[in-house]
Amino acid sequence: PEDKEWAFEGSPLVDAGSLYVAMRRSDIQPQVHVACYDAATGRLRWRQFVCAGESPARGMLCETTHNLLTLHQGTVYYCTNAGALVALDALSGRVKWAMRYPYYAFSTDVHDMSRQFGEGGGVVQYTRIRFWPHRPMFWYNQRPLLVGDDLYVTPVDSPFLFRVDRRNGRIVWAKHRGEGIKTRRTDGGPAYFLGPTRTGELAVVYSFREIPQNWAGPYEGGGVHLLDPKTGKTVW
């Protein structure tokens, strides 16, 4: 009964008899938690508060939902899509480290569903569904990707791809999405981070989803970018 106002977010993870899942509540003060359950019985083992909205709002925008977890060597990594990234001990839920990242900051807050975010788009009657793209655009929602000791994160409420040291949460570099792309309307549309190539570069793909009547082609900057993993700079 105490969880009736909470929603489970994204796909759960299971490891060694434990099930991990993100939870969100979008009422007067939005909150994000991570919970661990016994996979055989459903008994709650631990539950950890991660972050909350900084100011009261009627609800979080849909892009902050469906958050995904990554589990590696006894640590759960969680990008909230609400301004925070956290590493939790898988056995106890203890916070190993937490960091705040810069997210879209406009007069109409990306986290407030009672307001329209960005420019463009349109609202279908009785819903918040948009029938053409707005700008600025987002990353497609993805779980944090581990490559060695590096954690790559693409929060959907932020314009940046972050390379983070998984051991302490320190940001190694941040790459602004759409950098180098020039169109009349967008910064390449939604972007998807594919991870490392066989030669070691990092691949980022842009959809170039565009309003047909405002077609601006040809596009400058290309739909596929390979990044130097050491610096985040575009190789080509």
Review point. How big is the accessible area of GLU119 in square angstrom, nearest 10, if you roll a 1.4 angstrom probe over the protein chains?
Key: 100 Å²
**Study point:** Summed residue charge, Cβ within 11 Å of ASP228's Cβ, Lys/Arg positive, Asp/Glu negative
**Key:** +3
Practice item. Could you order PHE160, PHE8 by accessible surface area, starting with the largest, using a probe radius of 1.4 Å? Key: PHE8, PHE160
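Computed FRET efficiency, Cβ-Cβ of ALA16 and LYS230, R0 35 Å: what is it to the nearest 0.05?
On the way: r = 35 Å, r/R0 = 0.99.
Efficiency, from the Cβ-Cβ distance: 0.50.
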Review point. Straight-line reach from LYS182: which lysines have a Cα under 19 Å away, not including same-chain ones fewer than 8 places off?
Key: LYS233
Revision key, fill the gap. Residues other than ASP165 with Cβ under 10 Å of its Cβ, Lys/Arg counted +1 and Asp/Glu -1, net out at +2
**Study point:** Virtual spin-label span in nm between ASN168 and ARG100, 7 Å along Cα→Cβ
**Key:** 2.1 nm
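The values are calculated or read from the model by the stated rules, or taken from the named source; none is laboratory data. For clarity, every value in this text was computed on a predicted model and none was experimentally measured. Because the Cβ atoms are built from the backbone with ideal geometry, glycine has one as well, and the counts that use them run over all protein chains shown. Surface accessibility is based on the protein's heavy atoms, side chains included, excluding ligands, DNA and RNA. Shrake-Rupley method; radii C 1.70, N 1.55, O 1.52, S 1.80 Å.
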